[in-house]
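Notes follow the structure.
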Amino acid sequence: MPATFDDLVALMARLRSPEGCPWDREQTYATLAPMLLEEAYEAFEAVEAAREGRPEELRDELGDLLFQIVFYAQVAGERGEFAVGDVIEAIHAKMVRRHPHVFGDESAKDAEEVLRNWEAIKAEEKRASAENRSDKGESGDAAKAESLLDGVSTKAPALMEAHQLSTKAARVGFDWQRIEDIFNKLHEEIDELRAAINEHSKDDNEVGETRVREEIGDLLFVVVNIARHLKAEPEAALKLTNRKFRRRFRHIEESLRARERSIEAATLDEMEALWQEAKMNEGESAPAPPACGACGAKVGRAKFCPECGAPVELPARRTCQSCGHKYEGRPKFCPECGAETPVLI
């Protein structure tokens, strides 16, 4: 019989019991915090794996993340603070409250109106919470002026924080109207960075270093806004580029190793030539988007054409023997790990 959520909660209680696991019993809010962040990042990366046809990776990482939530709730329960049922009750009530167009009498004509209503309800909740703390004599947040940006964590990765900040500001109209305007701003920031670098080279001091860092930050913030306008998550986009860099650099290393040359002894021209070779190999391995043989419509991984209903013959997916990555086509190198290895269907 498949395990249920209640089984997972019971398992966690057993692990924390005197007859359970010594390591699990030692964990606290503080020791669990890095693990929660790590599992969240791994789940984030697994989303891309699912998009590439490996949903089992996302399934497993979501399980790890769920286990962390149950772990925290167990620790909280032992401290007399809350139980996992309280967590579920709180998020259920919040979702009902934040969707009055579904569970209430209000209406929303499109997603943009839903988001505006969401922010308004969230702001009202924060005001009510601050007033409640003030009534109880608690100091701090209740005395502060509220900001639309208060809900964006300062502890989030910088790219993610920038994306969330600009998204919230855009919802009240503080935004560029056209993406061309953001590109103009990008060129402006590049010029300002060059000016800061030139100025710093003449007067090498801490003030100059600070200005260069600020201009780099301004440049990155504008790039994040370009991504936002294109509905691309900047953190995920940069992750893809990091993976691409790893693949191509690994190709450089392995090619030099095959020639019995160390990468330290290689010239820049040699490495650049191998980099371009890796790019060409990636181009060779990129398969054409699957299309219906009857009508030519794009079909993705569907078994039947969404346009005409004809059965679709999908290309074989291959598996890298080195890293297990599945992909289509007949590349010379694995597009995931860069290994030059035979493939199996």
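Each value in this text was obtained by applying a stated rule to the coordinates, not by laboratory testing. No experiment lies behind these values; they were computed from the predicted model shown.
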| query | Relative contact order of the stretch 158-232: what whole-number percent is it, with Cα pairs under 8 angstrom and at least 6 residues apart? | reply | 44
| Cα to Cα, under 19 Å, and not fewer than 8 places away if on the same chain: which aspartates and glutamates meet these conditions relative to residue 109? | 119
| request: Would you list which aspartates and glutamates come within 19 Å of residue 122, measuring only between C-alpha atoms, while excluding same-chain residues fewer than 8 positions from it? | output: 89, 105, 106, 110, 112, 113, 131, 141, 146, 150, 161
| message | Could you give each residue of the stretch 252-262 its phi-based ³J(HN,Hα) in whole Hz, using Karplus coefficients 6.51, -1.76, 1.60 with θ = phi - 60°, and x for Gly or Pro? | response | 4, 4, 5, 5, 5, 4, 5, 8, 6, 10, 7
| How large is ³J(HN,Hα) for each residue in the stretch 93-104, as worked out from phi by the Karplus curve 6.51 cos²θ - 1.76 cosθ + 1.60 (θ = phi - 60°), to whole Hz, x for Gly and Pro? | 5, 5, 5, 5, 5, 7, 10, x, 6, 9, 9, x
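Structure shown: which of 126/231; 185/231; 126/155 lie over 23 Å apart, alpha-carbon to alpha-carbon?
126/231
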